[in-house]
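Working notes, beginning with the structure itself.
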Amino acid sequence: MNTATAPQPTGIRYAARVERAVKVYGSTANARTAETAVTALDDVSVGFPAGRFTAIMGPSGSGKSTLMHCAAGLDTLTSGSAYIGGTDLGSLDDRRLTLLRRDRIGFVFQAFNLVPTLTVAENITLPMDLAGRRRDRAQQEWTDALIDVVGLRDRLHHRPAELSGGQQQRVAVARAFAGRPDVVFADEPTGNLDSRSGDEVLGLLGRTVRQMDRTVVMVTHDPVAAAHADEVVFLADGRLVDRMRAPTADKVLDRMKAFEATGAARSGVASYDAYGAETYDASGSEASVRDASVRDASGAYGDTEGAAS
Ligand SMILES: Nc1ncnc2c1ncn2[C@@H]1O[C@H](COP(=O)(O)OP(=O)(O)OP(=O)(O)O)[C@@H](O)[C@H]1O
């Protein structure tokens, strides 16, 4: 397969990353259309480390969904590059991109998107069945372990309509992880759930990352949801403006309020190297100083590795 690959930029292994990503909706080709063109991503470089749970946060319209869609190959960048592992998505034709999404990426959306006529077990294995993937012993053991992690063992023969919303989303989570993808992208996965069910699903995403060594990238506008992640990256006005390790809901909320109060793009909150791996904080804010202090020169995470889990 003739696909461009790129070396990973630092000591960190990234499951997904974008480099100098620009996304403009509408055309800037002439003055009339340029007036309505929207720059949704404005030179964003960010990596999502393998084996971690990263949340993307930011005010409404800040570019969260656009970033996720471009990083996951659901949409294309106007300029810049998006990688899954070492594969440059821009080098793939439509067919290869479809195969990559099928084989290496899992998705969880706000709507559960389960097939109502299939059982829980059939819904979980549906993508692999459609792909004609062989169910060898390793695959069966994986699916089996996954069913226990998501707590659906006693519901395997039920149909979606017989499950609560939270249980249905747990099926969707299991389905997303079933093919052992490089990365699972989740877009507001708790948007349709009450807070208790939402909490369960978020706990489950975190457990799957930590117990099964998976990678999750989640878009959310909810600080409580973001607090389940190992790290939060913040967007404002289409730019990466901050990142926070070991987040708590209060700290995330404070950061969001600070953006709203000052206008993140004008605040000089942070500047980044190509992947946001090193942060410099002109205001000396706690999280960024901490972030900088826990990375060595290569950008690898230092001694707070365990603190995030
Ligand atoms: N298909 C589109 N055509 C034109 N503009 C778009 C399109 N999709 C998004 N936008 C614009 O791009 C910007 C970023 O949108 P995006 O949906 O990525 O933000 P978001 O942070 O996910 O917002 P929200 O939290 O409200 O879902 C917004 O100004 C939005 O209006």
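Where a number appears in this text, it was derived from the coordinates with a stated rule and is not lab data. What you see is a predicted model, and the numbers here were worked out from it, not measured in a lab. Here Cβ is always computed from backbone atoms with ideal geometry, including for glycine, and neighbour counts include all displayed protein chains.
If only the Cβ of Lys and Arg carry +1 and only the Cβ of Asp and Glu carry -1, the dipole of the range 101-241 around its Cα centre is close to 480 debye. Summary of packing: across the peptides 126-136, 141-151, 195-205, the per-residue average of other C-beta atoms within 10 Å ranks them, highest first, as 195-205, 141-151, 126-136. Ordering THR215, THR98, ALA131 by Cα displacement along the dipole of the range 14-294 toward the positive end leaves ALA131 in first place; charges were set at the Cβ atoms of Lys, Arg (+1) and Asp, Glu (-1). The order of the peptides 183-189, 92-98, 103-109, 115-121 by mean Cβ neighbours within 10 Å, most packed first, is 183-189, 103-109, 115-121, 92-98. If you take all other residues with their beta carbon under 14 Å from the beta carbon of ASP75, and give Lys and Arg +1 and Asp and Glu -1, the sum is +1.
The HN-Hα couplings worked out from phi for the range 41-48 by the Karplus form 6.51 cos²θ - 1.76 cosθ + 1.60 (θ = phi - 60°) are 10, 10, 6, 9, 10, 8, x, 10 Hz, whole numbers, x standing for Gly and Pro.
In percent, what relative contact order does the range 14-294 have, based on Cα pairs under 8 Å that are 6 or more apart in sequence? Here the relative contact order equals 24 percent. Dipole size of the range 54-140 about its Cα centre, with +1 on Lys/Arg Cβ and -1 on Asp/Glu Cβ: approximately 220 debye, rounded to the nearest 20. In this structure, the amide hydrogen of GLN110, modeled 1.01 Å from its nitrogen in the peptide plane, lies closer than 5 angstrom to those of ASP187, counting only residues at least 5 positions away or on a different chain. Extension gain for the segment ASP199 to ALA261, taken as residue separation times 0.36 nm less the Cα-Cα distance, is 19.5 nm to one decimal.
Taking amide H as placed 1.01 Å from N in the peptide plane, the amide H of ALA236 sits under 5 Å from that of VAL241, each at least 5 places away or on another chain.
Karplus-derived 3J(HN,Hα) values for the range 50-63, using 6.51 cos²θ - 1.76 cosθ + 1.60 with θ = phi - 60°, are 5, x, 10, 10, 10, 9, 9, 10, x, x, 4, x, 7, x Hz; glycine and proline are entered as x. Each Lys and Arg adds +1 at its Cβ and each Asp and Glu adds -1 at its Cβ; summed about the Cα centre, the range 14-294 shows a dipole of about 600 debye. For LEU77, no residue whose modelled amide H falls within less than 5 Å of its own remains once neighbours fewer than 5 places apart on the same chain are excluded.
Net charge near MET256, counting Lys/Arg +1 and Asp/Glu -1 over other residues with Cβ under 12 Å of its Cβ? Once positives and negatives cancel, what remains is -2. Using the Karplus relation 6.51 cos²θ - 1.76 cosθ + 1.60 with θ = phi - 60°, the per-residue 3J(HN,Hα) values for the range 250-258 come to 5, 5, 5, 4, 4, 5, 5, 5, 4 Hz, with x marking Gly and Pro. The length gained by stretching the chain between ASP88 and VAL38 to full extension, at 0.36 nm per residue less their Cα-Cα distance, is 15.5 nm. Bridge orientation summary for the range 14-294: considering DSSP beta bridges with both residues in this region, about 60 percent are antiparallel.
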